[in-house]
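A.B. asks: Quick one: the structure is below, and I'll ask about it shortly.
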Amino acid sequence: MKNAGIEYFIAERAFDQVNGDIGFVEECGSHFFIGLIDGLGHGPEAHNIALISQKFLKENLANERLDETMKGLHGHIRGSRGCVAAICSINVQSLQIRYSGIGNIALIKLGASPQRGVLAEGVIGYSISAPKVEAMQLSRGDVLILASDGLESRIDINSYPKILDSDPETIATNILEKFGRDMDDQLCIVLRCT
């Protein structure tokens, strides 16, 4: 999809009947909100906790304190099988990203000044480190990738030299094909600033 100078695409692949990894992109005024939730394990139970977490995050998008939103999610699903998640707020005018997350979600910016996001450790709903809000600056032509751990540890951007020449759908689809694991759910969100 394309809007406000930002193109994006979400690619996914379920290991079991349904995907326990869920992603969303929401436009709210002058901001885009991106979320990626990975319910622990796979199958219907992982999918269910990811849906509950997605609903909570979408209902709290207006909260300017992303770290407080992550803490709230932890309390909301405490005692469940848990999840890991990342949320980003992108100002469409300034292209500044603010993000917060917990767990092994990859957040990678590619372009003139590549950067990897750093998330807090833990499992939401079980035990977490204090989430923080970090910032990243996008420029026109940059690509932002969020990926679940079905892909996270395996993404080797150096083996994909033409990545910045592709549209978000092609990038996301190729990442699933090149770096996906057969034994886990996978989800990749790709956003490009045009």
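The values are calculated or read from the model by the stated rules, or taken from the named source; none is laboratory data. As the structure is a computational prediction, the values presented were derived from the model and not from experiment. So basically every Cβ, Gly included, is an ideal-geometry build from the backbone, and we count neighbours across all protein chains shown.
A.B. asks: Just checking, does the range 26-35 include any residue being modelled with pLDDT under 90, on the phi < 0 side of the Ramachandran plot and crowded, with 17+ Cβ neighbours inside 10 Å?
C.D. replies: Yes, there is a match, as at least one residue in the range 26-35 is modelled with pLDDT under 90, on the phi < 0 side of the Ramachandran plot and crowded, with 17+ Cβ neighbours inside 10 Å.
A.B. asks: Under 9 Å between Cβ atoms, which residue pairs at least 6 apart in sequence (or on different chains) link something in the range 52-74 that is in contact (Cβ under 8 Å) with a residue 40 or more places away in the chain with a partner that is among the aromatic types (Phe, Trp, Tyr) and surrounded by fewer than 16 Cβ atoms within 10 Å (Cβ to Cβ)?
C.D. replies: His74/Tyr126
Residues are listed down the side, and each one gets a yes or a no for (1) assigned to a strand (DSSP E or B); (2) crowded, with 19+ Cβ neighbours inside 10 Å; (3) free of Cβ contacts under 8 Å to residues at least 60 places away in the same chain; (4) touching a Pro at 6+ places or on another chain (Cβ under 6 Å):
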residue: Glu7; (1), (2), (3), (4): yes, no, no, yes
residue: Ala11; (1), (2), (3), (4): yes, yes, no, no
residue: Phe15; (1), (2), (3), (4): no, yes, no, no
residue: Asn19; (1), (2), (3), (4): no, yes, no, no
residue: Gly23; (1), (2), (3), (4): yes, yes, no, no
residue: Gly41; (1), (2), (3), (4): no, no, yes, no
residue: Glu45; (1), (2), (3), (4): no, no, yes, no
residue: Ala50; (1), (2), (3), (4): no, yes, yes, no
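A.B. asks: Run down Asp67, Asp142 and say which single residue is within 22 Å of Glu7 (Cα to Cα) and at pLDDT 90 or above.
C.D. replies: Asp142
A.B. asks: Residue by residue through the range 105-154, note down the ones that are within 21 Å of Thr173 (Cα to Cα) and of a type in the set (Val, Ile, Thr).
C.D. replies: Ile105, Ile108, Val143, Ile145
A.B. asks: Count, please, the residues in the range 59-74 that happen to be surrounded by 14 or more Cβ atoms within 10 Å (Cβ to Cβ), not in a loop (DSSP other than H, G, I, E, B) and not small (Gly, Ala, Ser).
C.D. replies: 8
A.B. asks: If Ala130 satisfies all but one of (1) in a strand (DSSP E or B); (2) within 22 Å of Glu64 (Cα to Cα); (3) of a type in the set (A, V, I, L, M, F, W, C), what's the number of the condition it fails?
C.D. replies: The failed condition is (1).
A.B. asks: Something else: Quick check: is even one residue across the range 150-159 in contact with a helix residue (DSSP H, G or I) (Cβ under 6 Å, 6 or more places away or on another chain), at pLDDT 85 or above and crowded, with 19+ Cβ neighbours inside 10 Å?
C.D. replies: Looking for residues that are in contact with a helix residue (DSSP H, G or I) (Cβ under 6 Å, 6 or more places away or on another chain), at pLDDT 85 or above and crowded, with 19+ Cβ neighbours inside 10 Å, one finds none in the range 150-159, hence no.
A.B. asks: Report yes if some residue within the range 75-84 is more than 26 Å from Leu138 (Cβ to Cβ), at pLDDT 90 or above and assigned to a helix (DSSP H, G or I); otherwise report no.
C.D. replies: Yes; the residues of the range 75-84 include at least one that is more than 26 Å from Leu138 (Cβ to Cβ), at pLDDT 90 or above and assigned to a helix (DSSP H, G or I).
A.B. asks: For Ile90, state whether it is of a type in the set (A, V, I, L, M, F, W, C) and within 13 Å of Ile128 (Cβ to Cβ). Steps first, answer last, please.
C.D. replies: Values: of a type in the set (A, V, I, L, M, F, W, C): yes; within 13 Å of Ile128 (Cβ to Cβ): no.
For Ile90, the condition - of a type in the set (A, V, I, L, M, F, W, C) and within 13 Å of Ile128 (Cβ to Cβ) - is not met.
A.B. asks: So, in the range 87-102, of the ones that are touching an Asp or Glu at 6+ places or on another chain (Cβ under 9 Å) and of a type in the set (A, V, I, L, M), which residue ends up surrounded by the most Cβ atoms within 10 Å (Cβ to Cβ)?
C.D. replies: By that ranking, first place goes to Ile102.
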